[in-house]
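To keep things clear, I will list the structure first and then write my remarks on it.
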Amino acid sequence: MTTATRLSSFFSREQARCPTCLERIPRGADPCPECGESTKLPVPSASRLSIADDPPGASWLHMHWRPLVTLGAIGALILTGVILRHLAPDRFAPSRAASARATVPTCPSPCWNGEACQLGRCVWQKPNDVGHLAAVPSVSGPFPLPKDASDTLLLDDERFAVALLSGAQIRSARTGEVLSLLSEAPQARRLHRVGDMVYATAPQRIYVFHAGTPRVLKTIEVGSLVGDLVPDPSGRRVLASLPAAHAVAIIATEYHAEIDRIQFGDDPVGPLAVDDSGARAITTTGQVPLAGLRDPAGGAVYAFDPSRLGWDQDRVRASQLGNPVSVLMTPDGDLSLVALRAESALVPLRWQPSGAIRQEGDRIPTCREPEHIDLVRSERRAILRCNEGRAIQVLDLTQLTALQTIELHGRAADLAVSPDNAQAAVAVNSEGAGSLALIDLRTYAVSTVPLGAEPTRVSFSPDGRAVIALSERSKVTWVIR
């Protein structure tokens with residue numbers, strides 16, 4: 001036995017622990033020299049103390065094996081991950097997310113409002129709350145109207161408005177009965193939907209009333225008859241052409257008041273078109289003549305900026321012989337198409353960064369007497385209505401070529417495109433009889449809804465699930481669902 005072992009054994013035999021302070025004291029000492037308490041206090045329990053002493057003769061490994069095992073398990077887990085990462089195939093290749101972002105094709109040109117870039121192509125996203133008529137719709141009517149009726153407009157699924165000399169009537173779309181009369185809007189001629197509001201044009205003024213409230217909220221004095229009224233897509237401005245005043249009035253929809261007027265010399269401007277930004281607009285001097293009269297030989301178009309004041313305008317005039325009766329502008333404001341009724345042609349106009357316009361290539365031949373051109377945002381197309389040609393043409397705005405010509409059994413008097421851009425409704429007149437032609441803009445299939453008289457005006461409801469057709473000659477209207 002070594003000397004250290006003998007000393008340790010000696011001290012362990014000659015010493016004991018104080019039951020109070022647990023310090024080592026000489027065996028048999030009473031009281032404890034460390035805390036002064038008696039060493040002969042009774043033990044409260046025979047069980048082990050709450051804080052046990054180190055077991056006699058315990059090694060360091062015996063006292064610390066638990067943390068060693070925990071640290072070893074953590075180290076083994078980390079080492080396993082490093083080894084698996086080292087053995088993984090293509091461990092030095094870029095991540096899939098980065099490679100996917102690098103390989104996704106981008107669209108060659110900016111997408112229009114309402115479009116999304118998908119696989120290098122701008123695709124129009126149809127709103128969720130709009131639609132079009134069913135394949136076999138139901139017809140309510142005909143509803144007889146007063147002799148002074150000049151226009152109708154669907155307010156919702158249950159009501160429609162009628163423009164009269166005595167005011168604007170609100171009628172039931174189910175029975176045609178009169179619900180109310182807006183006598184504060186006398187001599188109303190045309191009804192236009194502007195967001196939640198309805199603008200009723202009259203010879204000297206514009207009446208404003210809410211679609212859900214049968215009362216006039218504002219009267220805008222313009223001092224002239226309104227030729228065409230077009231709201232910009234943002235809903236903040238409305239452009240109203242005043243042919244007799246040779247001007248275009250700019251109306252703010254926030255408070256329904258005219259904020260500016262742009263003059264165009266001696267030209268009686270009429271049809272209007274504006275892009276989605278509201279910074280580019282175009283107007284023409286053409287008009288559809290009365291039945292039996294010839295088209296005027298001249299004509300012109302004006303390019304202007306509605307966002308600038310009238311005195312700060314750079315009005316660009318371009319002569320367009322052939323009676324330009326309708327105009328279309330793409331949402332990005334890059335291209336405009338002018339329909340020449342007398343020439344049976346379309347003139348493409350390309351906008352320059354300076355604000356000027358330049359003819360893009362040759363004229364595009366169309367069916368006879370094109371009278372109205374409208375935008376079909378899906379697939380970036382345009383639809384053209386021809387009166388004498390008795391046809392509807394669909395054009396590709398990207399290639400400026402005709403995609404389809406749809407022959408009709410009568411004259412196309414009016415045209416409307418559904419809000420989801422999937423259907424076109426055409427008012428067709430044929431020798432005293434009339435019908436509504438529904439054209440599927442994807443397959444170009446045509447279905448016909450017979451009507452008892454010749455419809456002259458047609459328009460969709462805000463959600464596109466109903467159409468109202470008006471016969472200005474017979475003074476009756478129908479609601480098609």
> Can you give the angle from 0 to 90° between the axis of helix 65-87 and the longest principal axis of the chain, with both taken from C-alpha atoms, to the nearest 10?
Replying inline: 40
> What distance in nm separates the simple spin-label points at Thr213 and Gln263, each placed 7 Å from Cα in the Cβ direction?
Replying inline: 3.7
> Arg350 versus Arg315, label points 7 Å from Cα toward the beta carbon: distance in nm?
Replying inline: 2.7
> What FRET efficiency do you get for Thr401 and Thr175 if R0 is 45 Å and r is their Cβ-Cβ distance, rounded to the nearest 0.05?
Replying inline: 0.45
> With every protein chain left in place, what is the accessible area of Arg381 in Å² (1.4 Å probe, nearest 10)?
Replying inline: 20
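Would you kindly state how much longer the chain becomes between His86 and Lys147 on full extension, computed as 0.36 nm times their sequence separation minus their alpha carbon distance, in nm to one decimal?
Contour length minus Cα-Cα distance gives 13.1 nm.
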> What's the longest bit of the chain with no exposed chymotrypsin sites (Phe, Trp or Tyr not before Pro), using DSSP loop states and at most 12 other Cβ atoms within 10 Å as the test?
Replying inline: 256-481
> Under a straight-distance cross-link criterion of Cα-Cα below 29 Å, which lysines are reachable from Lys475, leaving out those fewer than 8 residues away in the same chain?
Replying inline: Lys147, Lys218
> What accessible area per residue comes out for the chain, rounded to a whole number of Å², with a 1.4 Å probe?
Replying inline: 52
> Where does helix 3-14 land angle-wise versus the long Cα axis of the chain, in degrees 0 to 90, nearest 10?
Replying inline: 90
> Based solely on its DSSP helices, what 222 nm [θ] is calculated for the chain when runs of n ≥ 4 H residues each add -39,500 (n - 2.57) and the sum is averaged over all residues, nearest 500 deg cm²/dmol?
Replying inline: -3000 deg cm²/dmol
>> Please give me the summed charge of the neighbours of Asp275: other residues whose Cβ is under 10 Å from its Cβ, Lys and Arg +1, Asp and Glu -1.
In response: -3
> Given Cα pairs under 8 Å that are at least 6 residues apart, what percent is the relative contact order of the chain?
Replying inline: 10
>> Taking 0.36 nm per residue of sequence separation and subtracting the Cα-Cα distance, how much length would be gained by fully extending the chain between Gln359 and Ile74, in nm to one decimal?
In response: 95.1 nm
>> Probe radius 1.4 Å, ligands and nucleic acids left out: which of Arg465, Arg237 has the largest accessible area, and how do the rest follow?
In response: Arg465, Arg237
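Just to verify a number: FRET efficiency for Cys117 and Arg442, C-beta to C-beta distance, R0 = 25 Å, to 0.05?
Calculated transfer efficiency: 0.70.
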> By the scheme Lys and Arg +1, Asp and Glu -1, what is the net charge of all other residues having a beta-carbon under 15 Å from that of Arg390?
Replying inline: -3
> Going by the alpha-carbon gyration tensor, a ≥ b ≥ c the square roots of its eigenvalues, is the stretch 101-257 rounded (a/c under 1.5) or, if a/c is not under 1.5, prolate (a/b greater than b/c) versus oblate?
Replying inline: oblate
>> Considering all alpha-carbon pairs of the chain, what whole percent are spaced by more than 40 angstrom?
In response: 40
> Leaving out ligands, DNA and RNA but keeping every protein chain, what accessible area does Arg190 have, in Å² rounded to the nearest 10, with a 1.4 Å probe?
Replying inline: 70
>> Within the chain, what whole-number % of the accessible surface is contributed by carbon and sulfur, with the 1.4 Å probe and all protein chains included in the calculation?
In response: 54
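Let me have the relative contact order for the stretch 358-428, percent, based on Cα pairs under 8 Å that are six or more residues apart.
On the way: 137 pairs, mean separation 16.0, N = 71.
In percent, rounded to a whole number, it is 22.
The values are calculated or read from the model by the stated rules, or taken from the named source; none is laboratory data. Keep in mind it's a predicted model, so treat the numbers as computed, not measured. All Cβ positions, glycine included, derive from the backbone under ideal geometry; neighbour counts span all protein chains shown. Quick note on the areas: whole protein, heavy atoms, side chains included, nothing else; ligands and nucleic acids left out. Shrake-Rupley method; radii C 1.70, N 1.55, O 1.52, S 1.80 Å.
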